[in-house]
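The values are calculated or read from the model by the stated rules, or taken from the named source; none is laboratory data. All values derive from a computational prediction rather than experimental measurement. Methodologically, a virtual Cβ is constructed for each residue, glycine included, from the backbone with ideal geometry; neighbour enumeration extends over all protein chains shown. Keep in mind that these areas ignore ligands, DNA and RNA; they rest on the heavy atoms of the full protein, side chains included. Shrake-Rupley method; radii C 1.70, N 1.55, O 1.52, S 1.80 Å.
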Amino acid sequence: MHIQKNISLKKLNTFGMNVSARYFTEVDSLESVSELTSFLARNKYSTLILGGGSNILFTADIDGLVIKNDIKGIEKVDEDDDYYYIKAGAGENWHQFVMYCVANQYAGVENLALIPGNVGASPMQNIGAYGVEIKDVFHSLEAYHLSDAVKVGFSNSDCAFGYRESVFKNKYKDQFIITSVTYKLKKKPDLNVSYGSIQQELTAMGIKDVSPEAIANAVIRIRRSKLPDPAVIGNAGSFFKNPEVSSAYFIQLKSQFPELVGYNLENGNVKVAAGWLIEKCGWKGYRKGDAGCHEKQALVLVNYGDARGEDVYTLSENILISVKEKFGIDLVREVNIVPGIR
Ligand code: FAD
Ligand code: EPU
């Protein structure tokens, strides 16, 4: 195990924040994870696991050990009449994994094309887009407890998935390193084009025979048209979650703001589009220094170059305050703020 000192994380986070890690190491096999966990059982370090760095806002240098997870490998571990069980190493790139599944006709992840980051983080916040969430295709995962070196398996129900939530974001925060995830993918595709713009995009592409590949391509086109490419403008996708309000409160707000956007949930509440709320507070396209609110998607906060994490955090704080004042709704951040000093 090789521990490096004072390593820049600028290229390892999609916000492009120029911070450094006091200690840094990479793991690329189960042997290296086992060596790492035994080391951590003997030596006290505060730790941060890093995948693709696409859901993190660094607000300061990391005074601990950053562990970059690079475990690779994809294999079919089982199959039955209806499903293939595909196991992927935590360090596999998520989008490449999706395209591998599409090419091999393992169906179910096509709506999740082009989400940045790695396989290992996919269960962390139950990634979701265009009508599908990881929980719909998740079978199990393997992880190691960081300080007692025990290997643990988690089933779908063990992960307690919710909207951008899992047990790893709450009860077990920062306690485990996920080494692999096994997905349960359909042999016969169950195509999901329910999310409005997918059907529209397929029509625009002139596609009549819908397939997982066509859906992945449609999703890629929609995402490219809406979301800033982190290679060009630093960002971490949606900065806040879409908030949930009671239907009574939604009706009350709708009478004041007739164009308010919301979706009915099975529990009777309404999920409100945070991007709409933020836009109506006047933040869309706002920029102070190099920190800003994206001009096409108000839910995405951006770093135009040299913003500090603190600048983006302050902007997010001001957005929270104004949405609360105007609509009486508390936004919750989706992005992980590191160090978690708030
Ligand atoms: P990181 O940012 O590296 O880590 C995220 C969290 O997971 C951290 O707390 C980290 O410690 C932990 N972690 C990472 N790997 C492991 C591991 N192996 N074991 C234990 N803990 C780990 N998200 C969506 O859900 N839907 C979207 O549509 C979406 N669109 C996006 C678009 C853009 C342009 C960007 C930049 C981001 C978007 N995201 C989206 C957010 C992000 O892509 C996902 O959250 C992704 O899963 C993060 O993966 P990562 O490997 O980059 O994780
Ligand atoms: N909207 C506005 N103004 C804006 C942005 C959005 O009015 O500036 C309105 C849109 O007009 C639309 C509604 O808000 O009516 C929803 O917008 P969009 O379809 O772009 O989706 P979103 O709710 O903003 C969510 C996820 C995304 C995911 C997309 C597609 C969250 C927090 N975000 O965004 O996930 O890709 O749906 O499914 O749930 C992420 O988590 O990082 C992420 C990008």
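With respect to the conditions (1) assigned by TED's automatic domain parsing to the domain that holds residue 135; (2) modelled with pLDDT of 95 or more; (3) within 13 Å of ligand 1 (Cβ to nearest atom), residue 182 lacks only one, and its number is (3).
Of 277, 265, 260, all but one fail to be under 20 Å from residue 165 (Cβ atoms) and outside the structural domain of residue 112 (by TED's automatic domain parsing); the exception is 265. Among the residues of segment 78-91, are any out of contact with any Gly (no Cβ under 8 Å at 6 or more places or on another chain) and closer than 24 Å to residue 14 by Cβ? No: zero hits. Taking segment 138-179 as the search range and keeping residues that are surrounded by fewer than 16 Cβ atoms within 10 Å (Cβ to Cβ) and not in a loop (DSSP other than H, G, I, E, B), which one is modelled with the lowest pLDDT? Within segment 138-179, the match that is modelled with the lowest pLDDT is 151.
For segment 83-93, the criterion of a residue being free of Cβ contacts under 8 Å to residues at least 60 places away in the same chain and within 13 Å of ligand 2 (Cβ to nearest atom) is satisfied by no position. Tallying residues that are surrounded by 18 or more Cβ atoms within 10 Å (Cβ to Cβ), within 16 Å of ligand 1 (Cβ to nearest atom) and assigned to a loop (DSSP other than H, G, I, E, B) within segment 322-340 yields 2. Among the residues of segment 46-57, none qualifies, meaning not one is outside the structural domain of residue 121 (by TED's automatic domain parsing), more than 13 Å from ligand 1 (Cβ to nearest atom) and open to solvent by 50 Å² or more (accessible area, probe 1.4 Å). Among the residues of segment 124-137, those that are surrounded by fewer than 21 Cβ atoms within 10 Å (Cβ to Cβ) and assigned to a helix (DSSP H, G or I) comprise 135, 136. Scanning segment 258-279 for residues that are more than 16 Å from ligand 1 (Cβ to nearest atom) and open to solvent by less than 70 Å² (accessible area, probe 1.4 Å) returns 260, 261, 262, 265, 268, 269, 270, 272, 276, 277, 278. Here residue 101 clears all of (1) under 14 Å from the mean Cα position of the chain (by Cα); (2) part of a helix (DSSP H, G or I) except the condition numbered (1). In the set (1) open to solvent by less than 40 Å² (accessible area, probe 1.4 Å); (2) assigned by TED's automatic domain parsing to the domain that holds residue 176, the condition left unmet by residue 121 is number (1).
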